[in-house]
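First comes the structure, then the notes that go with it.
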Amino acid sequence: MLSGIPLVLLLLAAIAFIIVATAKLDLHAFLTLLVAAYGTALVAGVAPSEAAALVTNGFGSVLGYIGIVILAGTIIGTALERSGAAIVIAESILDVVGEEHTTTVMAITGSFVSIPVFCDSGFVILSGLNRTLADRSSLSLATVGVALAGGLYVTHVFVPPTPGPIAAAGIIGADIGLVMLAGIVVSAPIVFVAAVWADRVASRFHIDPDPEMTVEEIEDEYGTLPSPAASFAPLVVPIVLIALGSVAAYPEAANPELITGTLQNWLLFFGDPAVALIIGAFVSFAAVPEFTDEVTDEWVSEGITNAAVILAVTGAGGAFGNVLGALPLQDFVTSTFGGLGIGLLAAFVIAAAMKTALGSSTVAILTTASLVAPLLEPLGLASQWGRVFAVLAIGAGSMTVSHANDSYFWIITEFTDMEAATAYQAWTLATLALGVTSIVWIVVLRGLVGLVL
């Protein structure tokens with residue numbers, strides 16, 4: 001079996017293949033990752049039968065851990081979109097904050113909506129309201145659009161149950177509840193960075209909002225909109241349950257005398273991410289004005305269909321990571337990088353390179369997590385909190401940067417009437433600022449956690 005420098009060269013060749021196959025040859029990431037997994041194992045000298053088993057076991061083990069979570073999350077997202085609950089969330093935040101803080105409102109709205117909804121879908125869902133708010137606030141559509149896009153982007157890469165961070169947590173072995181809590185802490189100030197960037201930079205490019213629909217027309221299109229409580233509940237309930245599950249798993253962090261026995265077991269059950277998200281899916285049904293089989297059947301089918309691609313890519317990423325875990329990469333990394341303390345930065349840089357080359361944040365997260373998972377020990381990230389911050393560092397890199405090979409880039413330009421040249425300045429540079437700011441904040445947080453624990 002290969003080892004040392006030849007094995008590292010093989011790894012680099014596998015990464016190069018993934019980049020070229022997806023970015024240049026337009027081969028789907030699912031097939032690309034599987035070919036890379038099989039090819040890497042065989043070239044490294046793994047027996048053919050063992051190579052086949054490594055890929056199959058890696059694929060199944062990852063999906064067994066987060067498959068239900070991804071499916072339930074997409075069902076929740078579909079229900080929020082189809083019921084109009086996403087619009088209610090935006091209007092509720094606006095009522096609290098006020099129109100004079102429109103960019104902050106849109107960034108915060110995006111950060112909430114993108115927790116269970118893909119950022120591109122969230123942007124499309126809120127694009128009509130985006131124009132209306134820009135018009136009411138006398139702001140450039142570029143300003144409000146970049147604020148919304150940034151808010152959506154931040155929680156998309158940091159906060160489960162968004163599939164990317166969930167999948168990364170599964171591949172790396174990080175506690176999803178802790179990733180969620182830490183992701184929220186990381187996201188909070190970065191969302192405001194997005195709002196500040198929109199106010200200071202994106203505002204230089206004036207685009208007439210020219211709203212196609214008023215808020216009243218949006219309400220007419222959706223019919224009777226759900227209440228704010230019903231709209232927020234599908235987001236809040238799973239988050240609370242998973243957070244409680246994490247507390248129950250580590251009662252010493254709360255009250256070890258209170259959280260014991262039967263209570264602890266039930267909290268662990270309801271706090272299991274799969275159980276919490278299934279409950280969230282049923283809660284999302286309550287957001288519709290009329291409970292019909294369209295909601296319980298057609299919407300669920302649509303959510304499952306939407307989850308198919310992310311499930312396939314997640315499983316393939318797990319297969320690739322399982323192959324890498326079976327190769328003697330750890331010894332080389334230990335001798336080369338051990339003791340340098342660059343673990344988080346290494347995860348960030350790899351994810352940023354993948355994002356810039358591949359375009360998809362989710363694929364960048366999955367691929368980087370597969371690469372980093374076998375190397376956690378030598379990178380100094382094998383502890384419980386080390387794994388959590390590894391997931392967050394990968395998420396920060398997966399924002400850096402969004403440009404022409406990213407479908408989200410084109411959704412933003414289309415729905416904000418931005419020319420591509422304008423979008424490079426208003427949006428692409430924004431993602432660079434968000435990514436760099438995030439990794440700095442993550443490094444600082446890890447240092448603070450190290451002092452406390």
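The values are calculated or read from the model by the stated rules, or taken from the named source; none is laboratory data. All values reported here derive from a predicted model rather than from experimental measurement. Positions of Cβ are generated from backbone atoms using ideal geometry, with glycine treated the same way; all protein chains shown enter the neighbour counts.
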Within region 398-409, residues at pLDDT 85 or above and either closer than 23 Å to Val323 by Cα or of a type in the set (S, T, N, Q) (or both) come out as Ser398, Thr400, Ser402
Given the conditions (1) among the β-branched types (Val, Ile, Thr); (2) surrounded by fewer than 19 Cβ atoms within 10 Å (Cβ to Cβ); (3) modelled with pLDDT of 80 or more, every one holds for Ile19 apart from (3)
Picking from Val440, Val349, the residue that is free of Cβ contacts under 8 Å to residues at least 12 places away in the same chain and under 19 Å from the mean Cα position of the chain (by Cα) would be Val440
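Quick one: which of Val186, Val201, Val196 is surrounded by 23 or more Cβ atoms within 10 Å (Cβ to Cβ), under 27 Å from the mean Cα position of the chain (by Cα) and at pLDDT 90 or above? Talk me through it step by step, then tell me what you get.
Values: Val201 fails: surrounded by 23 or more Cβ atoms within 10 Å (Cβ to Cβ); Val196 fails: surrounded by 23 or more Cβ atoms within 10 Å (Cβ to Cβ).
That would be Val186, the only listed residue that is surrounded by 23 or more Cβ atoms within 10 Å (Cβ to Cβ), under 27 Å from the mean Cα position of the chain (by Cα) and at pLDDT 90 or above.
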Quick count over region 289-306, residues being closer than 30 Å to Leu54 by Cα and at pLDDT below 80, is 1
Checked region 401-432 for anything among the small types (Gly, Ala, Ser) and within 13 Å of Cys119 (Cβ to Cβ); matches are Ser402, Ser407
Filter region 75-125 for residues that are surrounded by fewer than 22 Cβ atoms within 10 Å (Cβ to Cβ) and small (Gly, Ala, Ser); the one that is nearest to Val288 (Cα to Cα) is Ser92
Counting only residues that are within 22 Å of Val201 (Cβ to Cβ), crowded, with 24+ Cβ neighbours inside 10 Å and among the small types (Gly, Ala, Ser), region 131-172 contains a total of 7
The lone condition Ile89 fails out of (1) touching a residue at least 24 places away in the same chain (Cβ under 8 Å); (2) among the β-branched types (Val, Ile, Thr); (3) assigned to a helix (DSSP H, G or I); (4) over 30 Å from Val283 (Cα atoms) is (4)
Among helices (runs of 4 or more DSSP H) entirely inside region 358-436, those with 2 or more residues being among the polar types (S, T, N, Q) and in contact (Cβ under 8 Å) with a residue 24 or more places away in the chain are 361-372, 407-416
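Anything in region 399-423 that is of a type in the set (Ser, Thr, Tyr) and buried (at least 17 other Cβ atoms within 10 Å of the Cβ)? List them, or say none.
Keep residues of region 399-423 that are of a type in the set (Ser, Thr, Tyr), which gives 400, 402, 407-408, 413, 416, 422.
Residues satisfying the conditions are Thr400, Ser402, Tyr408, Thr413, Thr416, Thr422.
Restricting to region 210-236, name every residue that is of a type in the set (Phe, Trp, Tyr) and at pLDDT 75 or above.
Taking region 210-236 first, the residues of a type in the set (Phe, Trp, Tyr) are 222, 232.
If the condition is that a residue be of a type in the set (Phe, Trp, Tyr) and at pLDDT 75 or above, then Phe232 is the only one that fits.
Determine which member of the set Phe320, Phe337 is among the hydrophobic types (A, V, I, L, M, F, W, C) and at pLDDT below 75. Show your work before the answer.
Values: Phe320 fails: at pLDDT below 75.
Within the list Phe320, Phe337, the selection yields Phe337.
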When restricted to Val193, Val185, Val159, the only residue β-branched (Val, Ile, Thr) and farther than 26 Å from Glu377 by Cα is Val193
Result of the Cβ filter at 6 Å on region 1-16, keeping first residues that are farther than 17 Å from Thr368 by Cβ and of a type in the set (Ser, Thr, Tyr) and partners that are assigned to a loop (DSSP other than H, G, I, E, B) and modelled with pLDDT under 80, at least 6 apart or interchain, is Ser3/Pro328
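Which of the following residues is at pLDDT below 95, closer than 26 Å to Ala147 by Cβ and crowded, with 21+ Cβ neighbours inside 10 Å: Val363, Val372, Val444? Before you say what the answer is, go through the steps one by one.
Values: Val372 fails: closer than 26 Å to Ala147 by Cβ; Val444 fails: crowded, with 21+ Cβ neighbours inside 10 Å.
After applying the criteria, what remains is Val363.
Would a scan of region 25-37 turn up a residue that is among the aromatic types (Phe, Trp, Tyr) and within 21 Å of the chain's Cα centre (by Cα)? Please lay out each step first, then the result.
Of region 25-37, the ones among the aromatic types (Phe, Trp, Tyr) are 30.
Restricting the remaining residues to those that are within 21 Å of the chain's Cα centre (by Cα) gives 30.
There is at least one residue in region 25-37 that is among the aromatic types (Phe, Trp, Tyr) and within 21 Å of the chain's Cα centre (by Cα).
This table checks each residue for (1) modelled with pLDDT of 85 or more; (2) part of a helix (DSSP H, G or I); (3) within 23 Å of Ala86 (Cα to Cα).
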| residue | (1), (2), (3) |
| --- | --- |
| Trp266 | yes, yes, no |
| Leu277 | yes, yes, yes |
| Ala287 | no, no, yes |
| Leu344 | yes, yes, no |
